[in-house]
2 protein chains.
Amino acid sequence: MNIITCIAPVNIAVIKYWGKRDEKLILPLNDSVSATLSIKEMHAKTTVMASPNFKEDKIWLNGKEETFQNQRLQSCLQEIRRRAKQKADNKGDSISNWSIHVCSENNFPTAAGLASSAAGYACLVFALAQLYDVSGDISGIARQGSGSACRSLYGGFVRWHQGSALDGSDSIATQVAPESHWPEMRILVLVVSDKRKKVSSSAGMQNSVNTSELLKYRVSHCVPQRTEAIVKAIINKDFDTFADITMKDSNQFHAVCLDTFPPNVYMNDTSHAIVNLIHSYNTASEKNKVTYTFDAGPNACLYLLQSEVPKLLAVLNHIFPAGNESVEYLQGIPVEKQAVSQEFIAAIGMQPQEPGLLKYMIHTEVGVGPQVLNEPRHHLLTDAGFPKASV
Amino acid sequence: MNIITCIAPVNIAVIKYWGKRDEKLILPLNDSVSATLSIKEMHAKTTVMASPNFKEDKIWLNGKEETFQNQRLQSCLQEIRRRAKQKADNKGDSISNWSIHVCSENNFPTAAGLASSAAGYACLVFALAQLYDVSGDISGIARQGSGSACRSLYGGFVRWHQGSALDGSDSIATQVAPESHWPEMRILVLVVSDKRKKVSSSAGMQNSVNTSELLKYRVSHCVPQRTEAIVKAIINKDFDTFADITMKDSNQFHAVCLDTFPPNVYMNDTSHAIVNLIHSYNTASEKNKVTYTFDAGPNACLYLLQSEVPKLLAVLNHIFPAGNESVEYLQGIPVEKQAVSQEFIAAIGMQPQEPGLLKYMIHTEVGVGPQVLNEPRHHLLTDAGFPKASV
């Protein structure tokens, strides 16, 4: 088998990764914790193929050829090949000298700003590991492609350990709990309309490390405590604590971005209206029923338990009415419609916003890590090693 | 003279006051620094009158009678009366036992969210001090009305010292430099359209003290250095450093508000668009030409030197076109119109925003502290002690 196709999931951090202590090895300043989202709703799909006929390494991303002369891509490929040669069996020996072709695509719009590079690098490294028959932890390799990619190599709830070794060998991801541990957990991604120029996470976090005084304190004093507490909350399925820490860490991450100079502002007025709604919803519920987290963009990721989904959706449809976008407003796992009481709406005390502030919502759950797709029809490359027409 | 009318200025902090160590005495967690804005464009005006005929203390604010049974009002009045009696001369002795009537108004819309309580309490305490013939520092009394009011008792650039005494006796304001020291300094207040509910500063900062971990670090590690550095920059008329620290401290204050739980969000998308514009403007100018600061609301206060005003205004008119409000778009000190080069606009690289994001702009300068108005026509109370019809 010189061709392999895999899919890998998106992950959404509840303790945020923001700031590197080593730019080249992509070693973080703090531990982070995430949940891996179901591969059914969102995934990256990658085909890798090795052949003695290929003249050079080539890569196509979302239908467009890109350069392979990219430091992060090279780091991943070289490290996988090094590990393959270490094994020194026949297979690794032969094909690791051949050139490869890579074709990758996401099944969700990259415009949604949903950590596509994490899923993409996790998928690439996982596929290469299959191709070259590399075993053992590969999260430390995916990390060198895109830091948070290491967390997409495991299903369920995942912790990326900052590690202390200079070579980064202990900066790897481990599973906190498998996807079966807390089966009631659901995620609702609210894709927010936004027109602004985006500052890349990579540039943004480097600037925070260089200029934010508050980041130092966050890293040394706040995150270590929170990480231990949220891992415990996950193990105990303690939603109230999980929700509390998730909101606080998201807010603190965006506070550090604002303390960066010039400031990085990722959340917009709609993002903050969602935050207000969730706090009002929880207050009206007399308990944390929903929690929010925002990555380096305006979209909200809400975590909640399955039993709460119909009610929250009814409230969301009321407060954030759909605009006239052509897409389905609710995507992903279907939800039975439920009416919400006027008393509860009144208790929330928030007026409906103008239609169209949200583009759409994706309803999903916690899922497994990367998977191999065995059937040839899944391959994104033809037998000759070029993208299929459909891509 | 049993009646006195005074006016007092607004001040805008460049090192922000956020967080009290004593709620009752209003003692801050850190020093703060501000400039006092010219009384010509914005002021509070207060008439105080004492009479043996008044049955009880009464107060009218902006045309409406309010209760005098307000802890902060009582603290100020009692402290002034205590000081008057200490002097034990005839005047203090006689009238400090009479009831008083107070009438106060701002010459700028309170809706603008422009630190009206600071000007108001400074004016009240200054007027009472005249009425009761109290001398010496009265900033520590105004502080007990509204913390930042103590800074409005001096003109020019002012520092509020946090102090260390338990009774707050050393938590007072002093002048860093008089208004004549840096006569080129100008202030442009951009009043931003906003529909959201406002969280009061007082409630907001208490919540920050209770919940923000980053506030602790800001107070202990960031503000002390910045305060010394900006005082030096003011004394040296070093606009570049002044601008740098002012922007950073505003951003950090709002970062702490975001780190508060639930988060306090005072800036909106328009505020952040102004921030982006100022950074682009300075980059295109290859120097800090303008600096921004935001209080607990969406309005921007820009500090800049007089020579830069016409160019900045031309850029602002281009990027933030006026809406169809009935008010003058530029208020305050008149500015000669200037065209701005297409190259400079292109270097800024920001598209014009939709009209009406700003309600209006107030152009002002650094000015003097509170003043007594001697002519009877200025009094807001009639001879009988009730608001004049015009109020």
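Brief remarks on what is shown
- The requirement of being free of Cβ contacts under 8 Å to residues at least 24 places away in the same chain and away from chain B (no Cβ under 14 Å) is satisfied by A:GLN175.
- Residues in region B:328-359 that are more than 25 Å from B:SER285 (Cα to Cα) and crowded, with 18+ Cβ neighbours inside 10 Å: B:GLY332, B:LYS359.
- Complete set of residues in region B:1-27 that are over 16 Å from the mean Cα position of the chain (by Cα), part of a strand (DSSP E or B) and either surrounded by 24 or more Cβ atoms within 10 Å (Cβ to Cβ) or basic (Lys, Arg) (or both): B:THR5, B:CYS6, B:LYS20, B:ARG21
- Verdict on B:PHE253 being in the same structural domain as B:GLN351 (by TED's automatic domain parsing) and surrounded by 22 or more Cβ atoms within 10 Å (Cβ to Cβ): yes
- Region A:303-327, subset of a type in the set (Val, Ile, Thr) and buried (at least 17 other Cβ atoms within 10 Å of the Cβ), residue nearest to the chain's Cα centre (by Cα): A:VAL309
- Residues (buried (at least 17 other Cβ atoms within 10 Å of the Cβ), over 15 Å from the mean Cα position of the chain (by Cα) and more than 16 Å from B:ALA273 (Cβ to Cβ)) located in region B:187-202: B:VAL199
- Residue among B:ALA296, B:ALA233, B:ALA243, B:ALA229 that alone is modelled with pLDDT under 95 and more than 10 Å from chain A (Cβ to nearest Cβ): B:ALA296
- Flag for B:ALA314 being modelled with pLDDT of 95 or more and within 14 Å of chain A (Cβ to nearest Cβ): no
- Considering region B:264-274, and only residues there that are within 18 Å of A:PHE261 (Cα to Cα), in a helix (DSSP H, G or I) and touching a residue at least 24 places away in the same chain (Cβ under 8 Å), the residue that is farthest from the other protein chains (Cβ to nearest Cβ) turns out to be B:ILE274.
- Subset of region A:198-225 (residues that are more than 10 Å from chain B (Cβ to nearest Cβ) and either farther than 21 Å from A:ILE26 by Cα or touching a Gly at 6+ places or on another chain (Cβ under 7 Å) (or both)): A:LYS198, A:MET205, A:SER208, A:VAL209, A:VAL219
- Of all residues in region B:169-186, those satisfying the criterion of being of a type outside the set (A, V, I, L, M, F, W, C) and either buried (at least 19 other Cβ atoms within 10 Å of the Cβ) or closer than 22 Å to B:VAL231 by Cα (or both) are B:ASP170, B:SER171, B:THR174, B:GLN175, B:PRO178, B:GLU179, B:SER180, B:HIS181, B:PRO183, B:GLU184, B:ARG186.
- Any hit, region A:361-383, residues being within 20 Å of A:MET42 (Cα to Cα), polar (S, T, N, Q) and surrounded by 13 or more Cβ atoms within 10 Å (Cβ to Cβ): yes
- Restricting attention to region B:43-60, the residues being in contact with a strand residue (DSSP E or B) (Cβ under 7 Å, 6 or more places away or on another chain) and in a loop (DSSP other than H, G, I, E, B) number 4.
- Of all residues making up region B:249-285, the number that are out of contact with any helix residue (DSSP H, G or I) (no Cβ under 6 Å at 6 or more places or on another chain) and polar (S, T, N, Q): 7
- Options B:LYS287, B:LYS248; residue that is basic (Lys, Arg) and more than 9 Å from chain A (Cβ to nearest Cβ): B:LYS287
The values are calculated or read from the model by the stated rules, or taken from the named source; none is laboratory data. As the structure is a computational prediction, the values presented were derived from the model and not from experiment. Positions of Cβ are generated from backbone atoms using ideal geometry, with glycine treated the same way; all protein chains shown enter the neighbour counts.
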